[in-house]
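Here the structure comes first, spelled out in structure tokens, and everything after it is commentary.
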Amino acid sequence: AVRAAAGAAGVPLVLNARVDVFLPPSGIPEPDRTAEAIRRGRAYREAGADCVYPIGMSAADDVGRLVEGVPGPVNGNTGPALDLDTLASLGVARVSYGPRFHRGGLAAMRGALAELRDSLR
């Protein structure tokens with residue numbers, strides 16, 4: 001319905017379907033998460049999603065299995081074990097940095113404020 005409405009309005013649209021099985025509140029046991037992400041990713045693609053986005057996926061092996069298991073583009077998040085080169089080598093089509101820059105900026109600001117506070121003591 002979303003794709004049809006966008007098409008009727010002449011609006012180009014990319015549907016990026018978020019797969020939340022890797023987040024702690026998902027309730028999916030860790031050993032089952034990748035298989036469930038693949039199942040959901042396939043269902044989203046069949047329903048018309050252009051890309052699937054497994055939020056919280058942090059292991060290269062899991063990303064590789066998802067890319068192989070889902071027909072179509074997979075979005076990846078950078079992280080300690082998933083830099084841009086690693087994601088590219090795994091076949092990820094789109095990369096998100098999520099709130100990483102925001103969190104980094106807040107952490108730097110907290111550090112600078114603490115340093116300022118300490119210098120005034």
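The values are calculated or read from the model by the stated rules, or taken from the named source; none is laboratory data. Note that the structure is predicted; figures quoted are calculated from it, not measured. Here the Cβ positions follow ideal geometry from the backbone for every residue, glycine too, while neighbour counts run over all protein chains shown. Only protein heavy atoms, including side chains, enter the accessible area calculation; ligands, DNA and RNA are left aside. Shrake-Rupley method; radii C 1.70, N 1.55, O 1.52, S 1.80 Å.
Condition check ((1) within 13 Å of the chain's Cα centre (by Cα); (2) of a type outside the set (Ser, Thr, Tyr)) across all residues:
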residue: 14; (1), (2): no, yes
residue: 20; (1), (2): yes, yes
residue: 33; (1), (2): no, yes
residue: 53; (1), (2): yes, no
residue: 62; (1), (2): yes, yes
residue: 80; (1), (2): no, yes
residue: 92; (1), (2): yes, yes
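Could you run through segment 34-71 and say how many residues are aliphatic (A, V, I, L, M) and open to solvent by 70 Å² or more (accessible area, probe 1.4 Å)?
Applying the first criterion (aliphatic (A, V, I, L, M)) to segment 34-71 yields 35, 37-38, 43, 47, 49, 52, 55, 57, 59-60, 63, 66-67, 70.
Of the ones still in play, those that are also open to solvent by 70 Å² or more (accessible area, probe 1.4 Å) are 47.
The number of residues fulfilling the criteria is 1.
Quick grid of which residues meet (1) under 15 Å from residue 87 (Cβ atoms); (2) part of a helix (DSSP H, G or I):
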residue: 6; (1), (2): no, yes
residue: 13; (1), (2): no, no
residue: 18; (1), (2): no, no
residue: 31; (1), (2): no, yes
residue: 35; (1), (2): no, yes
residue: 40; (1), (2): no, yes
residue: 53; (1), (2): yes, no
residue: 58; (1), (2): yes, no
residue: 64; (1), (2): yes, yes
Inset, instruction - Find the residue count for segment 72-102, including only residues that are in a strand (DSSP E or B), open to solvent by less than 40 Å² (accessible area, probe 1.4 Å) and touching a strand residue (DSSP E or B) at 6+ places or on another chain (Cβ under 7 Å). - result: 6
Inset, instruction - Could you tell me whether any residue of segment 103-121 is polar (S, T, N, Q), over 22 Å from residue 16 (Cα atoms) and either at pLDDT 90 or above or surrounded by 12 or more Cβ atoms within 10 Å (Cβ to Cβ) (or both)? - result: yes
